[in-house]
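Take a look at the structure below.
The values are calculated or read from the model by the stated rules, or taken from the named source; none is laboratory data. Small disclaimer: the values here were computed from a predicted structure and weren't measured. Cβ sites come from the backbone with ideal geometry, for glycine too, and all protein chains shown count toward neighbours. To get the accessible areas, we keep the full protein, side chains included, count just its heavy atoms, and leave off ligands, DNA and RNA. Shrake-Rupley method; radii C 1.70, N 1.55, O 1.52, S 1.80 Å.
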Amino acid sequence: MSKSNRIELFSLRTPQMRAFHLTWMAFFVCFFAWFACAPLMPVIKGEFHLTPGQIANINIAAVAVTILVRLVIGPMCDRFGPRKTYTGLLLAGAVPVIGVAFAQSYESFLFFRLLIGAVGASFVITQYHTSVMFAPNVVGTANAATAGWGNAGGGVAQGVMPLLMAAVLMLGVSQAWGWRVALLVPGVLMLIMAALYWRFTQDCPEGNYDDLRAAGVTIESGKRGGWASFRAAAANYRVWMLFITYGACFGVEIFIHNIAAIYYVEHFQLSLESAGIAAASFGLLALFARALGGFISDKVALAGGLNRRATLLFVMMLGEGLGLLWFAHAGSVAAAIFAMLCFGLFTHMACGATYALVPFIDRKALGGVAGIIGAGGNVGAVLAGFLMKGLGNTQQTLSALGVLVTVSALCAVAIRFTASDKNGEAVLADSKVAA
């Protein structure tokens, strides 16, 4: 069985489509768990009497450890296969997600929030799994759709968690326990998702890596040693250009997830529920915008080759940077939300366009490529967190980020493919692959 050259959206009959649907579902649950704390921060701030500096530390911790985990998770996919790797991450990640509900101090909350960041590495496995399942003519769309629908978990968390907490309070639970009970839900969902992923997916169209290696079959997607994959990826300059661009789009995305609700509460005096809904609108753009970025990338590549994908990424990042500057200087709630939706559209599309390029950087070091570029997103978020801590003002931070994103768009222009790269992908795209 070969890579699929089409996406049969309403089918689960093939291993490719089972991987497609279960990867975005697992990613959705992980993102929901990763950002479940963010919309409840106004309540948690009062619970632990947090200072602005401590809140900044929590936001940095939420994304910091993901850098390391994303770097190692890609090579782990090459070595153990995405099925084992995803299942293990879901099981291990559920521990701190549940643990944060029992935090009794700022220090313990910070510790669990740091560990929760590991579930953000789920993104790399999602992109890896769809990359080995789908052919070049649709892989950009498959990667962007699964990532986008999974990313929407962050937006859903922004809107659902305050409502879930309100429902718990209506049952007579005190506010001090209400947010804790609400935070147990994503942990339980991760355990359920781990069981489903283990039961219904396989590593690649031909089967599981362990079985294939035992039968003497060479795994195309990566080298037997995961670290060889990492070293090969690290030697490719295009990986580091995408590392920067992904930091500027996905890094901004997760930074906004962490600060949006509390920004709307403190800057525009919205209620917790209203702020959650406003913040959720940004994340819910991922339901279609990231997939749209990957889809457009696939189309322009068919018309003009691989370099057109990089040019498209430049345009999308330019739109993101300018839109972010608009959002930073919006003077009313309505203007801020509209500006957020505009720059958010470009942000999500830029993320999709970035990972539409990933499968073409180095096919034999796919895990390393996906891991390094994925880590770039979290490096961007961490740097944004330190920038806000240094400036001490969210509005000034957003303005500075707008300028930095606009400048970083130049890295997309620097990504160019050789004639041999283009010829190799043309052969793959023209080859007949079965669904």
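Condition check: open to solvent by 20 Å² or more (accessible area, probe 1.4 Å) and within 17 Å of the chain's Cα centre (by Cα). Does L242 satisfy that?
Numbers: open to solvent by 20 Å² or more (accessible area, probe 1.4 Å): no; within 17 Å of the chain's Cα centre (by Cα): yes.
No: the conditions fail for L242.
Looking only at region 41-67, residues that are without any contact (Cβ under 8 Å) to a residue 12 or more places away in the chain and part of a helix (DSSP H, G or I) come to 1 in all.
Let's see how each residue does on (1) more than 29 Å from R213 (Cα to Cα); (2) among the basic types (K, R):
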position	(1), (2)
I73	no, no
M76	no, no
Y86	no, no
S105	yes, no
R113	yes, yes
H129	no, no
A135	no, no
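Just one of the listed residues (A303, A228, A279) is touching an Asp or Glu at 6+ places or on another chain (Cβ under 9 Å) and part of a helix (DSSP H, G or I), namely A228. Looking at G319, G385, G368, just one residue is assigned to a helix (DSSP H, G or I), surrounded by 17 or more Cβ atoms within 10 Å (Cβ to Cβ) and at pLDDT below 90, and that residue is G368.
No other residue among L285, L270 is in contact (Cβ under 8 Å) with a residue 60 or more places away in the chain and more than 22 Å from the chain's Cα centre (by Cα) apart from L270. When residues in region 7-30 are screened for being buried (at least 16 other Cβ atoms within 10 Å of the Cβ) and modelled with pLDDT under 95, 1 of them pass.
Which residue, of A356, A336, is surrounded by 24 or more Cβ atoms within 10 Å (Cβ to Cβ) and in contact (Cβ under 8 Å) with a residue 40 or more places away in the chain? On inspection, the qualifying residue turns out to be A356. Per the conditions (1) surrounded by fewer than 23 Cβ atoms within 10 Å (Cβ to Cβ); (2) in a helix (DSSP H, G or I); (3) modelled with pLDDT under 90, the sole criterion not satisfied by S2 is (2). Filtering region 245-280 to residues that are buried (at least 24 other Cβ atoms within 10 Å of the Cβ) and of a type in the set (D, E) leaves only E253. Among the residues of region 69-81, those identified as of a type outside the set (F, W, Y) and in contact with a Gly (Cβ under 9 Å, 6 or more places away or on another chain) are V69, R70, L71, V72, I73, G74, P75, M76, C77, D78, R79.
Where residues in region 73-99 are aliphatic (A, V, I, L, M) and over 19 Å from L184 (Cα atoms), which of them is surrounded by the fewest Cβ atoms within 10 Å (Cβ to Cβ)? Restricting to residues being aliphatic (A, V, I, L, M) and over 19 Å from L184 (Cα atoms), the top hit is M76. Filtered by the rule that a residue be at pLDDT 90 or above, out of contact with any Cys (no Cβ under 7 Å at 6 or more places or on another chain), surrounded by 24 or more Cβ atoms within 10 Å (Cβ to Cβ) and of a type in the set (F, W, Y), region 100-148 gives a lone residue, F134. Applying the criterion of being without any contact (Cβ under 8 Å) to a residue 60 or more places away in the chain and on the phi < 0 side of the Ramachandran plot to the residues of region 193-217, the residue that is most open to solvent (accessible area, probe 1.4 Å) is R199.
Hey, any hits in region 295-311 for a residue that's under 17 Å from the mean Cα position of the chain (by Cα), touching a residue at least 24 places away in the same chain (Cβ under 8 Å) and open to solvent by 10 Å² or more (accessible area, probe 1.4 Å)? For region 295-311, residues under 17 Å from the mean Cα position of the chain (by Cα), touching a residue at least 24 places away in the same chain (Cβ under 8 Å) and open to solvent by 10 Å² or more (accessible area, probe 1.4 Å): absent. What about L184, is it farther than 16 Å from W24 by Cα and in a helix (DSSP H, G or I)? Against the criterion (farther than 16 Å from W24 by Cα and in a helix (DSSP H, G or I)), L184 qualifies.
For first residues located in region 399-415 and under 16 Å from L306 (Cβ atoms) and part of a helix (DSSP H, G or I), partners that are of a type in the set (F, W, Y) and open to solvent by 10 Å² or more (accessible area, probe 1.4 Å) and lie 6+ apart or on another chain with Cβ distances below 8 Å form the pairs A412/F314; V413/F314.
Residues of region 104-127 that are farther than 25 Å from G376 by Cα and without any contact (Cβ under 8 Å) to a residue 24 or more places away in the chain: Q104, E107, S108.
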